[in-house]
There are 2 protein chains.
Amino acid sequence: MFEARFQSFEDRAERAASGPRLAALRTELARRGLTGWIVPHADPHQNEYVPASERRLAWLTGFTGSAGVAIILIERALLFVDGRYTLQAREQADLSLFSIEHLVETPPDRWLEQNLTASDRIGYDPWLHTVEGAEKLAKACAATGAALIPIEPDLIDAVWTDRPPPPLGPIKLHDLRFAGESAEDKLARIRAEIAKLKADALVVSDPHAVAWAFNIRGADVAHTPLPLAFAIVPVQGRPSLYVDGRKLANDVRHRLEELADVRAPADFAPALSALGESKKTVRLDQATAADALARLVIGRGGKVTRGADPIALMKAVKNSVEIAGARAAHIRDGAAMVRFLAWFERAAPGGKLTEIDAVEALETFRRDTGLLKDISFPTIAGAGPDGAIVHYRVTSKTDRVIAPGELFLIDSGAQYEDGTTDITRTLAVGEPTAEMRDRFTRVLKGHIAIARAVFPDGTTGAQLDSFARQFLWAAGLDFDHGTGHGVGSYLSVHEGPARIAKLGTSALKRGMILSNEPGYYKTGAYGIRIENLVLVVEAPPVAGGEKPLDAFETLTLAPIERRLIAPQLLTADETAWLDRYHARVAETLSPHLDAETRAWLAAATTRPLGRD
Amino acid sequence: MFEARFQSFEDRAERAASGPRLAALRTELARRGLTGWIVPHADPHQNEYVPASERRLAWLTGFTGSAGVAIILIERALLFVDGRYTLQAREQADLSLFSIEHLVETPPDRWLEQNLTASDRIGYDPWLHTVEGAEKLAKACAATGAALIPIEPDLIDAVWTDRPPPPLGPIKLHDLRFAGESAEDKLARIRAEIAKLKADALVVSDPHAVAWAFNIRGADVAHTPLPLAFAIVPVQGRPSLYVDGRKLANDVRHRLEELADVRAPADFAPALSALGESKKTVRLDQATAADALARLVIGRGGKVTRGADPIALMKAVKNSVEIAGARAAHIRDGAAMVRFLAWFERAAPGGKLTEIDAVEALETFRRDTGLLKDISFPTIAGAGPDGAIVHYRVTSKTDRVIAPGELFLIDSGAQYEDGTTDITRTLAVGEPTAEMRDRFTRVLKGHIAIARAVFPDGTTGAQLDSFARQFLWAAGLDFDHGTGHGVGSYLSVHEGPARIAKLGTSALKRGMILSNEPGYYKTGAYGIRIENLVLVVEAPPVAGGEKPLDAFETLTLAPIERRLIAPQLLTADETAWLDRYHARVAETLSPHLDAETRAWLAAATTRPLGRD
């Protein structure tokens, strides 16, 4: 009855044939007179989701996590992963071949500085490292007298005989009724920013920025409608868009040619060289621009300035059409969530449901809307102790029955053409313990503190982050992730520049959409997270107020489990917020529900809170 | 009856003889083949209070503010000051000679980059700029092709004929009953830090750090018992202390010679050269080390590493003796404050008191303790609109009568051998308006939110700062300064590394003393600030808690004006905090007060709150 088409539950524990692959790579090293090679988990755009053709680290080491680097030397091989992935790396990599290092405590550059000697010659692919990343590596090598040498094409590609072809997802135009602003107008605004930055041209290396600027969407990576492409926007004159022509249907090509010179990816590097040749000042995005781009410009005498991609901020501030789209998407998605929650409440007490059952059901309810393009990320569905693993992804091997007495955390999202969603609910099967209710209520109080926050325009997410944590702190608890991340408009579910986190130093601007997702995780026992998306809006003016104020409008519509709330821990203001939110959820979603689900929602949004 | 011995009310509006001084400097420039000279408000230690012999900027320009830079070119002269000082600079400097620039919006390096040409040769004194500061200037000059040239001695000194001699305040030993740790033990801990930093020697360029490490105090600058001195601490072997021998009585010299080689200031530069000569790695404090120090080491082939002075953190974490001293100092200071507050309440309604009267009275009550060494900074005493000027300093010219219906803000502190204090109270003369009570109560709620905060060990001040602002934000208000700064132990009233501020990214550690001083300022009308010092302490453990928790213990003891509080704005928890605080103030201070003042305190800590 239920089916997941966008998410696989495949277990990826099968070990890569790392032995022969390492041997082949080392032969290649020797042939080139190198003593080492660096293999990051990265593509030339520093994408969050890396296409199969770029998964060199997984091919070589077997490790499939979303962050990692390998350093391959003649006699040793090292795999660097962060704390989230230590266990997974030990399972996936052949420990007779690789030693596992801590990516944060001993990052690769520090390791190189401590272990290389002056005779070492370390190679790297300049398309897979940012300018700053390459600078760090170069500095570390230089400190030991070793050489760091950029080499292309990537050495792995010479030995990866069955490397998949690059993706060729068809590009679609993102309609003005979703985008709200024409590509012409966006490009005019971008040119004005380039002029302010005193640059001659902007290299757009982030495909999200390309998608936004040209009002296109693609299908090259999972869960995000990204078109892998580069663009160069000169301060005056026509932009150039570098994209594989096989992704372009005639109408799309025709529209894009109105906006830009559409060129083959192979033309990109020569175009950068030409900018250098004519001594241009080229602005690169410090977050995504590959070292190779800077080399091409500077190598021919051009000047590079690095900084935030100005498109990132423009893209993060949604216009009124995108905001209307987000509201519509959240009503649609909320109705699907409510169908799921009603189904779950009927089915779960039987004691047979598994995590995968829940994922499949939720995806099916979302597909039933008829408008689901993809899920916005692999659903995190953790029963009992699995809920405490913050980045848990259920596989056929880890799948658990959701047992009575357990909490079930489900974090999921959808891609619709009018908006991207991301929601987490924590559900109780059977009777929760007093501790669970206490923790859930503290998380909820933090969630409400963010939802109700009023703050001067220009406040950063870092200034708000502690509001979400204060009630956990008071009980000697905390959570080890940010409180919120930016969310795109039918783009990535993780979008910069603003976030609500200890280090979220970008200002929150009206029109930005962020998540509000405090949590609490008890290792080996349960996980709690309550996540809604919020929109930064102008707050109603206060008599006598001196500063323009902002506030959050909660976009996500779905009931929060009232039976998990210890009512005495809530203040009157918090209870009022919860009741208003639930009334809005019921009122807004009811017209979109069948009678049975509508009745369930009416009950779920008004039933008694839990015991104290 | 009352008298201020430590604070002057002199008006400094008389104009400097800038015309001839500029002419003499320009003659000197021409003689050296320079086209410009940079004059910062700084001494070789980057001290907050600059001794008279180092006030080159004031001598040249007439500007006496605490931050500023002049750039003197052949045809133009510019004075850079920040927003606080724009008006003062326009009054003090001769505007026919100097144009005023904004220090923050167009800092000197940016101005140089935009205005110099390739033929310019700009000189600077490498003892008055940090390494980083000099690097910025050099980069700016290089971008235009101009040269930046270090020159010593300072060019100003060649033309400043009546330059005061450097201060020779006698150095005293800071007794173990105040310091709590011997200099030997401190030096052993410092050496361990130097080893961790993989340096061969630490240059101690911050006189606060010298004072702390050697358990000495001096009298070279106002309000802070600083001995101007440098030290070099090698990772092994005897430290060297560079200090003018005329500051040392025999017993002090004898004690210091047990700890270190005591050398003349003139020996300091050759010692740095010698470290360079022997290829040592020398650690410099990035906040205070002059560019000259790095040049001396690197010029002879040594290596310099820059970073936070490890002594700064050690000094900020007070030991149990210093904490006991702080508590004793705050009882003593609180009793003096209460005498002042009781006197003020009797005297103010007469309508004749002025700001200077209040400053003189308060200093006199503090001197009456018999233990006052100095005030810890010039008292900020602002009646009505003067209270809204955050860095107001009353002079005989600005002095105002404190009129009925006005608020009076008084921010002051004391230096006792056992501790440094800093307290602000806002007092009402006559009946405050409803708006004043509303604003005062919002500031108080923020103050209480900090005072009651409980947070995981390692939390930064930036993570707490918004707790102090949230109630003002809700009314469209805010304040434009940090919530709190670190405070030394019989040292500077402004001490790093931790602070409670948007950019306070240093972790709060148990034993640190900080201020808690939210405020609100209505330009042209009134200012409000409520400041207590707080000590970071371990919070009582919570059942089920997972993290070590910290909290603040409020050290400052003095009533907060209850008639300025709108009671309905306080929660029950906030009211309980206030009542507990006031009960503690009355109980702790009463034994130290005469009967009349004791009765006043009993009333002041219990009287009805204001109207809503």
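Each reported figure results from applying straightforward, stated rules to the coordinates on display, with no laboratory input. Values in this document were obtained by computation on a predicted structure and should not be read as measured data. Backbone-built Cβ (ideal geometry, glycine too); neighbour counts: all protein chains shown.
Per-residue ellipticity at 222 nm from helix content only, as computed over chain B with -39500 (n - 2.57) for each DSSP H run of at least four residues, stands at -10500 deg cm²/dmol. An oblate overall shape is assigned to segment B:373-475, the ratio a/c of its alpha-carbon gyration tensor axes (a ≥ b ≥ c) being 1.5 or greater and a/b not exceeding b/c. Here the relative contact order of segment B:142-242, from alpha carbon pairs under 8 Å that lie six or more residues apart, stands at 26 percent. Taking the Cα centroid of segment A:56-81 and of segment B:91-141, what is the distance between the two, rounded to the nearest whole Å? Value for the Cα centre distance between the two parts: 49 Å.
Helices that extend 15 Å or more along their long axis by alpha-carbon positions and average at least -0.5 on the Kyte-Doolittle scale are, among the DSSP H runs of chain A, A:18-31, A:131-144, A:320-347, A:355-367, A:434-451.
Taking every DSSP beta bridge that has both ends in segment A:17-136, the antiparallel portion is near 60%.
Distance check, please: which entries in A:Lys509/B:Lys509; B:Lys139/B:Lys186; B:Lys136/B:Lys397; B:Lys502/B:Lys547; B:Lys315/B:Lys502 exceed 28 angstrom between their Cα atoms? Intermediate results must be reported in sequence, preceding the final value.
Details: A:Lys509/B:Lys509 34 Å; B:Lys139/B:Lys186 39 Å; B:Lys136/B:Lys397 39 Å; B:Lys502/B:Lys547 24 Å; B:Lys315/B:Lys502 23 Å.
Listed pairs above 28 Å: A:Lys509/B:Lys509; B:Lys139/B:Lys186; B:Lys136/B:Lys397.
Here is the result for segment B:444-495: no trypsin sites (Lys or Arg not before Pro) lie in DSSP coil with at most 13 other C-beta atoms within 10 angstrom of their C-beta. Taking packing as the residue-averaged number of other Cβ atoms within 10 angstrom, the listed peptides B:363-374, B:414-425 run from highest to lowest as B:414-425, B:363-374.
Averaging the sequence gap over all C-alpha pairs within less than 8 Å and six or more residues apart, then dividing by the number of residues, gives chain A a relative contact order of 11 percent. Between copies, the label points at B:Asp82 (set 7 angstrom from Cα along Cα-to-Cβ) are spaced 3.4 nm, reported in nanometres from shortest to longest.
For B:Glu91 and B:Gln236, what does the FRET efficiency come to when R0 = 45 Å and r is the distance between their Cβ atoms, rounded to the nearest 0.05?
Between B:Glu91 and B:Gln236 the formula returns 0.25.
Note that chain B shows a convex hull volume over its alpha carbon atoms of 166 Å³ per residue.
Ranking B:Val282, B:Thr556, B:Ala77 by how far each Cα lies toward the positive end of the dipole of chain B (charges on Cβ) leaves B:Val282 at the top.
Here the contact order of segment A:465-559, divided by its residue count and restricted to Cα pairs under 8 Å and six or more residues apart, works out to 20 percent. Return, ordered by residue number, the residues of segment B:94-108 whose backbone nitrogen is under 20 Å from a label point located 7 Å along Cα→Cβ of A:Glu546. In segment B:94-108, the label zone of A:Glu546 (backbone N under 20 Å from the point 7 Å along Cα→Cβ) covers no residue. Database remark: amide H of B:Val304 closer than 5 angstrom to the amide H of B:Val282 (H placed geometrically; neighbours at sequence offset of 5 or more, or on other chains; Pro and chain starts carry no H). Spin-label pair B:Ala249-A:Thr606: with each label point 7 Å from Cα along the Cα-Cβ axis, the two points sit 8.4 nm from one another. Just so you know, the Cα atoms of segment A:149-235 work out to an Rg and Dmax of 16.5, 48 Å.
Sorted from shortest to longest, the distances between the A:Glu538 label points of this copy and the other copies are 5.3 nm, with each point 7 Å from Cα along the line through the beta carbon. Quick check on the protein assembly as shown: take the gyration tensor over C-alpha atoms, sort the square-rooted eigenvalues as a ≥ b ≥ c, and tell me if it's rounded (a/c under 1.5), prolate or oblate. Here the protein assembly as shown falls in the oblate category.
Partner shielding of B:462-475 amounts to 6, given as the average count of beta-carbon atoms from other chains within 10 Å of each residue beta-carbon. Taking a virtual spin label 7 Å from the Cα of A:Lys303 along the C-beta vector, which residues in segment A:175-198 bring their backbone nitrogen under 12 Å of it? A:198, by backbone N distance to the label point. Placing a label point 7 Å from Cα along the Cα-to-Cβ direction at B:Pro165 gives distances to the equivalent points in the other copies of 8.9 nm, listed shortest first. Using the Cβ-Cβ distance between B:Ser99 and A:Arg510 with R0 = 30 Å, the FRET efficiency computed as 1/(1 + (r/R0)^6) comes to roughly 0.20.
Distance from the C-alpha centroid of segment A:212-270 to that of segment A:570-596: 44 Å, rounded to the whole angstrom.
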